[in-house]
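**Student:** What follows is a structure written as C-alpha cells; I'll ask about it next.
The values are calculated or read from the model by the stated rules, or taken from the named source; none is laboratory data. All values reported here derive from a predicted model rather than from experimental measurement. When we count neighbours, we look across all protein chains shown, and the Cβ atoms used for this are built from the backbone with ideal geometry, even at glycine. SASA here: full protein model, heavy atoms, side chains in, ligands and nucleic acids out. Shrake-Rupley method; radii C 1.70, N 1.55, O 1.52, S 1.80 Å.
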Amino acid sequence: MMTRSQQGRTNRLARPSIAVAAAVAVTAGVVAAAPDAKTAAVAGPKLSLIAASKSVTLDSWKEEPGVYLDLGTYLTSEKGAFEFKVTRKSYKDPVVASQIIRNGKKTTTKVLPAGLVKDFSGLPDFMEVSVVDAAGKSVLKKTESFCPNNASGRVRPDAPANSKFPQSCPANPFTLGSVWGVENGWAANTYAGYYSAPVQLAAGTYTAKISVTKKYRDLFGIANKPQSVKVTVRERSWEQTEGGSGGAAAKVASSSPHAGHAGHQAAADPAPSGHAGHGAPARTDAPAAATTGAGATFNVGHGPYPPAPPALPWALKKQAAEKQAGKDAFGAQGFSAARVGDRAGQTDGSRQAPGAQPNAKRPTGKAAVPNVPKPDLRSLPAYGITVSDGYEDVPGKDYLAFSANVWNAGPAKLVVDGFRSPGKELMDAYQYFYDAKGKQVGYTPTGTMEWDPRPGHEHWHFTDFASYRLLKADKKETVRSGKEAFCLANTDAVDYTVKNANWHPSNTDLSTACGQENSISVREVLDVGSGDTYTQDLPGQSFDITNLPNGTYYIQVLANPENRLKETNHKNNSALRKVVLGGKKGARTVKVPAHHLVNAN
C-alpha cells in the first residue's frame, strides 16, 4: 500500500480534454470509406476508423519509463449511435453485453457472443496496434480494449451537441450494469487510456499501424481500413520541464509541431484525491499532448481503482500548471498539472461538476413522508482490501484497510439539505421527497451534518449514512470503524440500467457539493444508479487487527444503519466480504477469496 505522500505523486494528472471535432471532421471526409458488400449487409450504424492526424509526438519520461500510445485514432458512428447495454444479474452470473440498434421506432437487441465481454471496462482486444522503427523493423504489436464512452467530439456540425451516453466505462469491480455508446455523428478515441499499460520505445521515429481486429470488423460490419500514423518519441525529464510547459528544456528526438505543448506534469501536492478517505492510491494517468481529445471524463472513482483516464479542459490545465513550493515525496522538484482532489468546480480534474443548490430556507410546516418514489440504498462488498501499519499516525499496529461503496438503486434520488442555525456547529439535516414531475412534496428531519476541519476533508459530512464493521466467522461484530459521517457525492457508476438512472449526475465535486466552513446551508445528493466510494485507510476508519487472532472474518458494509433515511427497501442495506487474516503482529497478512465470479481484492 502506498503512503499518502506517495499518493500525491501518483495522483498527478496530465489529461487535457479538448474536443478535436474539427480535426476529426476533416479527416473523416478523407479516410472514411464506404464498407464493402459484406459489411453493408450487417445491421447497425456505419462505423469507421479514422486518424485525426498523420503524425503524433509522444513523450518518454526518464522518471517513469514507458510511452503511452495515444495515437489519435477514432471510431466514428454514422446513421445511428453505436450503443450497448451491459449487465449481470448477480455476482454469480457472467457479464452479458447487447448491442442496441435503433431504426426509427423499431429497436433491435443483438446479444454479443458469450464470454466476449468479461467486465465493464469496454470491448476487449478491439484495436490492434503494430509499430515499426525507422528501418522498418517490427518493435511492437499489441491489442487494446475500446471504451465506446470515450467520446471526444463530433465529426459534423449537425450532430447532436451533446452525447447522451455516460462519459466513461466503470472501473468498480462490483459494477452491476452499464451503458456504452458512441453518439450518432460523434467520434470516440480508441486509446485505452487507464486500461492500457505503457510500452517501451526509445527516442526516435516510428510508424504505427492501427486497425480494428477482425472479429469486431465482422461482428459490427466495419470496413478493413487500417490507419497509419508517424510517431516521434521524445525523451523528457520532470526536473528539466519548466512548469510542465516543455520548450527548450525537453530533449526532443525530432522536431515536431507539438513540441511547445504541455505533455506531462508531475503533481507535488501530497494530499490524497477526492474524499479524504475517498482518497486512494490512483494509477498514474497517461501523459498526452495538449491538443488530444482522448480520455473519458467520468466517473470519478475515489477507491483504489481509478476511473478511465480523466480529461482536463485545457483552460483548467493551463491555469493549474504552476510551480509547487518544496519537494515531493521522492525528493524531486514537482509541478502541478491539475491539483488533484477537492476544490471548487473540480473533483479529480476529470470535469467540472457543481453540486446542486440547497433550498434558500429551511423547510416550514409539518414534516411528512409522502407516498412517492424514494431512493433505495444498497451496499457493495468491500474491495481494495490490504493490511497497513497505520502510517506515521499510529505506528506499530496492524490495520485492515478497505474501500466501501453505498449506491442508490432508485427509482428516486437521495436529496439531503443541511441548514445551520447562527452560532451552532452542527447543521440540521432534512431529506426531501419529489413527485414524478420533480416537484418537492414533502420532507422529514434526518439527523445532522458536521464540519470536518481535517486537511483533505474540509467539508460538511452527513452523519449516519453508512457503518463499517468487522465480523467474526460467526458473523458477530468484533470491530467497528469510527467512520460514519460522509459527504455524499456520485463517485462511481454502479448500475446505469436501473429505472431513472442519471447518466450525467451533478455533484461529483466534493468542494462545491459539500460546502465551506462558513456555509449556511448545503445540499448533498446521491443520484439514481451512482454510488459513493470511501477508502478506509487511516486509523479510526480502518479496523485495528493488531490483537485479533488469525482466521476468517467478514467486512460488513451497512447503509443507513439507523434507518434515519427513508427508502423503498431497508432489507438490502448490508453486504459482506470474506477475508482471512494471517501472519504475526507487525506483519499481518490478509487473503481475500473471490466473491462468486468477482475476483478482486
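**Student:** Return yes when Ala473 is within 26 Å of Ile545 (Cβ to Cβ), modelled with pLDDT of 90 or more and touching a strand residue (DSSP E or B) at 6+ places or on another chain (Cβ under 6 Å) and no when it is not. First the steps, then the outcome.
**Tutor:** On the way: within 26 Å of Ile545 (Cβ to Cβ): yes; modelled with pLDDT of 90 or more: yes; touching a strand residue (DSSP E or B) at 6+ places or on another chain (Cβ under 6 Å): yes.
Spelling it out, Ala473 is indeed within 26 Å of Ile545 (Cβ to Cβ), modelled with pLDDT of 90 or more and touching a strand residue (DSSP E or B) at 6+ places or on another chain (Cβ under 6 Å).
**Student:** Which of the residues spanning the range 209-230 are open to solvent by 10 Å² or more (accessible area, probe 1.4 Å) and either under 21 Å from Gly136 (Cβ atoms) or among the aliphatic types (A, V, I, L, M) (or both)?
**Tutor:** Within the range 209-230, Lys209, Ser211, Leu219, Ala223, Pro226, Gln227, Ser228, Lys230 qualify.
**Student:** Same structure, new question: Return the total of residues in the range 420-435 being open to solvent by 10 Å² or more (accessible area, probe 1.4 Å) and either among the aromatic types (Phe, Trp, Tyr) or closer than 28 Å to Thr175 by Cβ (or both).
**Tutor:** 2
**Student:** Here's something else I'd like to know. Among (1) open to solvent by 30 Å² or more (accessible area, probe 1.4 Å); (2) more than 18 Å from Asn560 (Cβ to Cβ), there is one condition Arg469 misses while meeting the rest; what is its number?
**Tutor:** (2)
**Student:** While we're here: If a residue must be open to solvent by 10 Å² or more (accessible area, probe 1.4 Å) and closer than 23 Å to Ser519 by Cβ, how many such residues does the range 403-418 contain?
**Tutor:** If we filter the range 403-418 for residues that are open to solvent by 10 Å² or more (accessible area, probe 1.4 Å), which is where we start, we get 409, 411-413.
Subsequent filtering for residues that are closer than 23 Å to Ser519 by Cβ retains 413.
Residues in the range 403-418 being open to solvent by 10 Å² or more (accessible area, probe 1.4 Å) and closer than 23 Å to Ser519 by Cβ: 1 in total.
**Student:** Pairs please, first residue from the range 92-103 and of a type outside the set (A, V, I, L, M), second anywhere and open to solvent by 90 Å² or more (accessible area, probe 1.4 Å), Cβ atoms under 6 Å, 6+ apart in sequence or on different chains.
**Tutor:** From the range 92-103, the pairs are Lys92/His596; Ser98/Lys85; Ser98/Val111.
**Student:** Turning to a different aspect of this structure: Looking only at the range 82-107, which residues are assigned to a loop (DSSP other than H, G, I, E, B) and not charged (D, E, K, R)?
**Tutor:** Result: Ser90, Tyr91, Pro94, Val95, Gly104.
**Student:** Here is a check on your reading of the model: is Asp532 charged (D, E, K, R), open to solvent by 10 Å² or more (accessible area, probe 1.4 Å) and either assigned to a loop (DSSP other than H, G, I, E, B) or at pLDDT below 90 (or both)? Talk me through it step by step, then tell me what you get.
**Tutor:** Values: charged (D, E, K, R): yes; open to solvent by 10 Å² or more (accessible area, probe 1.4 Å): no; either assigned to a loop (DSSP other than H, G, I, E, B) or at pLDDT below 90 (or both): yes.
Considered against the rule, which asks whether it is charged (D, E, K, R), open to solvent by 10 Å² or more (accessible area, probe 1.4 Å) and either assigned to a loop (DSSP other than H, G, I, E, B) or at pLDDT below 90 (or both), Asp532 comes out as no.
**Student:** Which members of the range 543-580 meet the condition of being of a type in the set (A, V, I, L, M), more than 30 Å from Gly396 (Cα to Cα) and under 25 Å from the mean Cα position of the chain (by Cα)?
**Tutor:** Let us first name the residues in the range 543-580 that are of a type in the set (A, V, I, L, M), namely 545, 548, 555, 557-559, 565, 575-576, 579-580.
Filter again for more than 30 Å from Gly396 (Cα to Cα), leaving 559, 565, 575.
Across the range 543-580, the qualifying residues are Ala559, Ala575.
**Student:** Report the residue count in the range 429-451 for those that are farther than 17 Å from Ala368 by Cβ and in contact (Cβ under 8 Å) with a residue 60 or more places away in the chain.
**Tutor:** Adding up the residues that qualify gives 4.
**Student:** If you don't mind, another one. Within the group Tyr430, Tyr443, which residue is touching a strand residue (DSSP E or B) at 6+ places or on another chain (Cβ under 7 Å) and more than 19 Å from Phe486 (Cβ to Cβ)?
**Tutor:** Only one candidate qualifies: Tyr443.
**Student:** Okay, next question. Are any of the residues in the range 159-177 surrounded by fewer than 22 Cβ atoms within 10 Å (Cβ to Cβ), closer than 30 Å to Ile385 by Cβ and either of a type in the set (S, T, N, Q) or over 26 Å from the mean Cα position of the chain (by Cα) (or both)?
**Tutor:** Looking for residues that are surrounded by fewer than 22 Cβ atoms within 10 Å (Cβ to Cβ), closer than 30 Å to Ile385 by Cβ and either of a type in the set (S, T, N, Q) or over 26 Å from the mean Cα position of the chain (by Cα) (or both), one finds none in the range 159-177, hence no.
**Student:** Of all the residues that make up the range 550-582, how many are outside any loop (DSSP other than H, G, I, E, B), open to solvent by less than 40 Å² (accessible area, probe 1.4 Å) and not polar (S, T, N, Q)? Spell out the reasoning first.
**Tutor:** To start, the set of residues in the range 550-582 that are outside any loop (DSSP other than H, G, I, E, B) comprises 551-559, 574-582.
Then drop every residue that is not open to solvent by less than 40 Å² (accessible area, probe 1.4 Å), which leaves 551, 553, 555-559, 575, 577, 579, 581-582.
From what's left, not polar (S, T, N, Q): 551, 553, 555, 557-559, 575, 577, 579, 581-582.
Selection size over the range 550-582: 11.
**Student:** Oh, and also: Checking the structure you have, find out if any residue of the range 406-428 is closer than 14 Å to Leu526 by Cβ, assigned to a strand (DSSP E or B), out of contact with any Lys or Arg (no Cβ under 8 Å at 6 or more places or on another chain) and of a type outside the set (S, T, N, Q).
**Tutor:** Yes, that holds for at least one residue.
**Student:** Applying the selection to the range 429-440, what residues are assigned to a loop (DSSP other than H, G, I, E, B) and under 29 Å from the mean Cα position of the chain (by Cα)?
**Tutor:** Gly438 - this is the single residue of the range 429-440 that is assigned to a loop (DSSP other than H, G, I, E, B) and under 29 Å from the mean Cα position of the chain (by Cα).
Residue-by-condition table, conditions (1) farther than 27 Å from Ser388 by Cβ; (2) at pLDDT 85 or above; (3) in contact with a Leu (Cβ under 7 Å, 6 or more places away or on another chain); (4) part of a loop (DSSP other than H, G, I, E, B):
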| position | (1), (2), (3), (4) |
| --- | --- |
| Gly442 | yes, yes, no, no |
| Pro445 | yes, yes, no, no |
| Gly456 | no, no, no, yes |
| Trp503 | yes, yes, no, yes |
| Phe543 | no, yes, yes, no |
| Leu548 | no, yes, yes, yes |
